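Okay, so here's the structure we're looking at.
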Amino acid sequence: MTCTWSPEHYREILESARAEGYPIVKVSEVGTALPEGPFFLVRHDIDISMEAAHAMALLEADMGITTCYYVRLHSPFYNALAPDHAARIREIADMGHEVGLHYEPGYYESMGQQVAEGIASDIHTLETLLGGKTLSVSQHEPSIGPVVKILPEGYPCAYQRHLVLDTKYFGDSGFRWREGCICEKLGEIEQIHTLIHPANWMRDAVPWEEVLRRHAKTAAERIHRLMEEHIVSQRAYLARRDEIDAARRARYDS
């Protein structure tokens, strides 16, 4: 197979893993100890694009595969609590994927907050959004952040020692594998943990700078659409403002 940053190649990777007999596992399933035998742990940190994450989740679901998706609550690129993005997150969970917090130590520290407290607070927020308990977490930018050793009980982290040092770990951060594409490892290594950023893969195979610019264009188009909807709403409000104001005053007396 030809290695490209594309949804087609990602599908090939999953097909190859299945053909090689790897069970595709979730962080919650291997978070406390490594099992015997082969496994392929696939996780997705949603760093910049909720649209790409949702598209990847659909691709996997179409193949009958479920993996892990980790959501940032303080990303400058998307708003997990906005109605449309919150709906996408719930849809990903409804497909059977494991959705958890992509916690951000740098954000907590910048706000003068203890990292452990920030993680616990954000888990609560995400679970409120999802309407149920999450099962695992993943750290954002671990290479430049602290090794977080105190986590809320019952939430194993994807960056625990046994999942990144005792297991062969391969990440696609920066559109660059450190040791070659993950497709080359399947069938050669028994237990594999891989990080796949949806934003890297769910576009045409073009230079990585252009991929990111296209994500920026999609984000801008979303804001433009929302603003146009707001303009329509404002016009409707202004046309009925006297009526709306009168109804509001009446509610104080009811």
### Query
Along the charge dipole of the range 144-254, which of G154, P198, A247 sits closest to the positive end, that is, farthest toward it, with unit charges on the beta carbon of Lys, Arg, Asp and Glu (+1, +1, -1, -1)?
A247
### Query
Cα to Cα, under 19 Å, and not fewer than 8 places away if on the same chain: which lysines meet these conditions relative to K133?
K26
### Message
Could you tell me the center-to-center distance, by alpha carbons, between the range 42-88 and the range 120-194 in angstrom?
### Response
15
### Query
For the Cα atoms of the chain, what angle does the longest principal axis make with the long axis of helix 241-253, in degrees from 0 to 90, nearest 10?
90
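If you place +1 on the Cβ of every Lys and Arg, -1 on the Cβ of every Asp and Glu, and leave all else neutral, what size is the dipole of the chain about its Cα centre, to the nearest 20 Debye?
Details: 26 positive and 38 negative charges, 138 e Å.
Using Cβ point charges on Lys, Arg, Asp and Glu, the chain gives about 660 debye.
Give the order of T67, T218, T194 when sorted by the count of other beta carbons within 10 angstrom, beginning with the fewest.
Ordered by Cβ neighbours within 10 Å, fewest first: T218, T194, T67.
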### Task
Calculate, in whole percent, how much of the Cα-Cα pair population of the range 137-246 lies beyond 22 Å.
59
### Query
Once the Cα atoms of helix 50-62 and of the chain are each reduced to a long axis, what angle between those two axes, in degrees from 0 to 90 to the nearest 10, is obtained?
50
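Taking the beta-carbon count within 10 Å as an exposure proxy, list D84, D253 from fewest neighbours to most.
Working: D84 13, D253 5.
Least crowded to most crowded, the residues run D253, D84.
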### Query
Using alpha carbons only, how many degrees (0 to 90, rounded to 10) separate the axis of helix 7-19 from the longest principal axis of the chain?
50
### Message
Along the Cα→Cβ direction, 7 angstrom out, place labels at L34 and T128. What is the inter-label distance in nm?
### Response
3.9
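Just the number: Rg to Rh for the chain, Cα atoms, Kirkwood Rh, two decimals. Could the numbers behind the result be given before it?
Numbers: Rg = 21.0 Å, Rh = 19.9 Å.
For the chain, the value is 1.05.
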### Summary
Going fewest to most other Cβ atoms within 10 Å around each Cβ, S75, S49, S28 line up as S28, S75, S49
## Note on the structure
Among R235, R18, R225, the residue with the largest mean-square fluctuation in a Gaussian network model of the chain built from Cα contacts under 10 Å is R235
### Summary
Over all pairs of different Cα atoms in the range 208-253, the reciprocal of the mean inverse distance gives a Kirkwood radius in Å of 13.3
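No lab work stands behind these numbers, since they all come straight from the coordinates. Everything quoted here is computed from the prediction, not taken from an experiment. Counting neighbours? That spans all protein chains shown, and the Cβs are built from the backbone with ideal geometry, glycine included.
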